[in-house]
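Input: a single structure, listed below in structure tokens.
The values are calculated or read from the model by the stated rules, or taken from the named source; none is laboratory data. Remember, predicted model here, so these are calculated numbers, not experimental data. Note that each Cβ is placed from the backbone with ideal geometry, even for glycine, and that neighbours are counted across all protein chains shown. Ligands, DNA and RNA are excluded from the accessible area calculation, which covers all protein heavy atoms including side chains. Shrake-Rupley method; radii C 1.70, N 1.55, O 1.52, S 1.80 Å.
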Amino acid sequence: MDNKMIYLDYNATAPLNSNVRKKINNLDLNNFGNSSSVHKMGRNSKKIIENVRENILSKLQAKNYELIFTSGATESNNLAIKSFVKNNNIKAVFTSESEHASVLDVIKSLDVEKKYFKLNNNGSISLFEIENILSNLKEPFLVSLMYANNETGIIHPIKKITEIVKKYNGFIHCDGVQSLGKCELNIDDLNVDLFSFSSHKIGGPTGIGGLLVHNKAKISPEIVGGGQEKNLRSGTENFYGILGFGEVVSDIEHLNKLSYTNVKNNRDFLENNLKKLSNEIKIFGENCDRLNNTCYFAFPSMTSENQVIALDQKGICVSSGAACSSGKVESSHVLKAMKVEDKYINSAIRVSLGWNSTKEHVQKFFDVWKSDCFKKGRNHA
Ligand code: PMP
């Protein structure tokens, strides 16, 4: 990354962690083969992949789970939901409108009953409502809810939700992408049936992710062929991706610790400055349990797009919400689901800090935003 740029878009992706680069640079690259080959070079690769698998399971405290490597969380979500529904006679799927498209679109494509839990104005879901709905069910059902929202950072109490789901004999999938390295995770304790995550959100390579499958959960492959990954996801393993992913996860306690200390302090510093500046600024999910790195706010006197462009011109990278494949600024389905007024939806920007973001980065963001967005927006309003 250009050193002069200030990157505050970690919920979209994180720059490659320097330990990953070192790890790959220090390998004797001639010593690895296809991990399915029987020869020594194949076995070398296989051994590394299995070590990483064990290490990730141990770091995430997931001894009751199998880890299936996938190409990322989009694939993990597809595999988890489609396959679980098929193999467990699921008649109804419950989710919320603030989920990622890779969950919402999969659910839409299924031939089952679909229900959406209502979001409160602050982005949370009422446990009372969840229990009320699930307690009436007679047929097998699946709930799919994210651990933390990629736009607002709002955290769902997945452990409590899982307890309710299990009480009524249901199953639960959790899209855990945004929680990794930002929340302390103990998957055995969480006790979900399926948990998706992705490497590039914590500084590992892109194109690699995982699905944790509880050893009592029944799934079948969506991608068939050579039978890799215990026959649940065919295709030659992404060796360098897995290696890099393993390297960042091996440092996960450190990332979590930073999230609760430096990252939180810097995010709070930014929000205090914003609040002092004007009461026209609205911070989403402010009083909710949410990720310590995320500040999602709106200032109605300038559109999201104009703010993102103005900041980009000064070398500051933030986004208006979820990264969209077309590169266009689209209004947030998450804020719509929270029934936020249009004037705030159309002027929302998301600042998401990383583990190495400094107070100076945040100060620079604030100064530029104040002069090029706040003051200009006000003058034109
Ligand atoms: N779920 C959430 C909550 C995400 O933030 C993302 C990435 N934007 C995904 C799923 C998809 O992950 P990947 O990029 O690894 O496919």
Could you tell me what percent of the DSSP beta bridges with both partners in the chain are antiparallel, to the nearest 5?
-> 55
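For the chain, with all protein chains present and a 1.4 Å probe, just round the carbon and sulfur fraction of the accessible area to a whole percent. Mind dumping the intermediate values first?
Numbers: 8040 of 17080 Å².
Of the solvent-accessible surface of the chain, carbon and sulfur hold 47 percent.
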Top positive-direction residue, dipole computed over segment 18-249 with Cβ charges, set 135, 227, 183 | 227
Using a Förster distance of 56 angstrom, determine the FRET efficiency expected from the C-beta separation of residue 129 and residue 29, and round it to 0.05.
-> 0.55
If we count every other residue with Cβ under 14 angstrom of residue 311's Cβ, Lys/Arg +1 and Asp/Glu -1, where does the sum land?
-> +2
What ³J(HN,Hα) values, in whole Hz, does the Karplus curve 6.51 cos²θ - 1.76 cosθ + 1.60 give for segment 253-261 when θ = phi - 60°, with x put for Gly and Pro?
-> 4, 5, 4, 4, 4, 4, 4, 8, 10
Amide H within-cut-off set for residue 198, under 5 Å, with H built and near neighbours excluded = 210
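Within segment 79-157, which trypsin sites (Lys or Arg not before Pro) sit in a loop by DSSP and count at most 11 neighbouring Cβ atoms inside 10 Å? Don't skip to the answer; put the middle values down first.
Values: sites: 82, 86, 91, 108, 114, 115, 118, 138; in loops: 91, 118, 138.
In loop regions of segment 79-157 (DSSP not H, G, I, E or B), the sparsely surrounded trypsin sites (Lys or Arg not before Pro) are 138.
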Nearest 0.05, what FRET efficiency do residue 330 and residue 22 give at R0 = 41 Å with Cβ-Cβ as r?
-> 0.60
Have a look at 38, 318, 52 and tell me which one the Gaussian network model of the chain (Cα, springs below 10 Å) gives the largest fluctuation.
-> 38
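Considering only Cα-Cα distances, which of the following residue pairs are longer than 23 Å: 46/201; 276/343; 336/364? Intermediate results must be reported in sequence, preceding the final value.
Details: 46/201 25 Å; 276/343 21 Å; 336/364 30 Å.
As for pairs spanning more than 23 Å Cα to Cα, those are 46/201; 336/364.
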With a 1.4 Å probe and every protein chain left in place, tell me how much accessible area residue 303 has, in Å² to the nearest 10.
-> 70
Inter-part gap, Cα centre of segment 154-215 to Cα centre of segment 245-263, in whole angstrom, is 17
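Report the GluC sites (Glu not before Pro) located in segment 86-174 that are in a DSSP loop and have at most 14 other Cβ atoms inside 10 Å of their Cβ, or state none.
On the way: sites: 97, 99, 113, 129, 131, 151, 163; in loops: 97, 99, 151.
Answer by residue number: 97.
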Interchain or long-range residues, amide H under 5 Å from residue 235's placed H | 226, 227, 228
Given the options 154, 133, 219, state which has the largest fluctuation in a GNM of the chain using a 10 Å cut-off (strictly under) for Cα springs.
-> 133
Please work out the average accessible area per residue across the chain, using the 1.4 Å probe convention, and give it in Å².
-> 45
Calculate how large, on average over all directions, the projected area of the Cα convex hull of the chain is; give the answer in nm² to one decimal.
-> 18.9
Area accessible to solvent at residue 333, 1.4 Å probe radius, in Å² | 70
Got a sec to turn the phi values of segment 162-177 into Karplus ³J(HN,Hα) couplings, 6.51 cos²θ - 1.76 cosθ + 1.60 with θ = phi - 60°, whole Hz, x for Gly and Pro?
-> 4, 4, 5, 4, 5, 4, 9, 6, x, 10, 9, 10, 10, 7, x, 3
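Using a Förster distance of 25 angstrom, determine the FRET efficiency expected from the C-beta separation of residue 51 and residue 87, and round it to 0.05.
On the way: r = 30 Å, r/R0 = 1.18.
For R0 = 25 Å, the calculated efficiency reads 0.25.
Report, in debye and to the nearest 20, how large the dipole of segment 18-249 comes out about its Cα centre when Lys and Arg carry +1 and Asp and Glu carry -1 on their Cβ. Present the calculation step by step, with values, prior to reporting the outcome.
Values: 28 positive and 24 negative charges, 100 e Å.
Dipole about the Cα centre, nearest 20: 480 debye.
With a cut-off of 8 Å between alpha carbons and a minimum separation of six or more residues, what is the relative contact order of segment 18-249 in percent?
The normalised contact order for segment 18-249 reaches 26 percent.
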Report, in whole Å, the centroid distance computed from the Cα atoms of segment 287-322 and segment 121-139.
-> 31
Solvent accessible area, Å² - residue 312, 1.4 Å probe, full protein context = 90
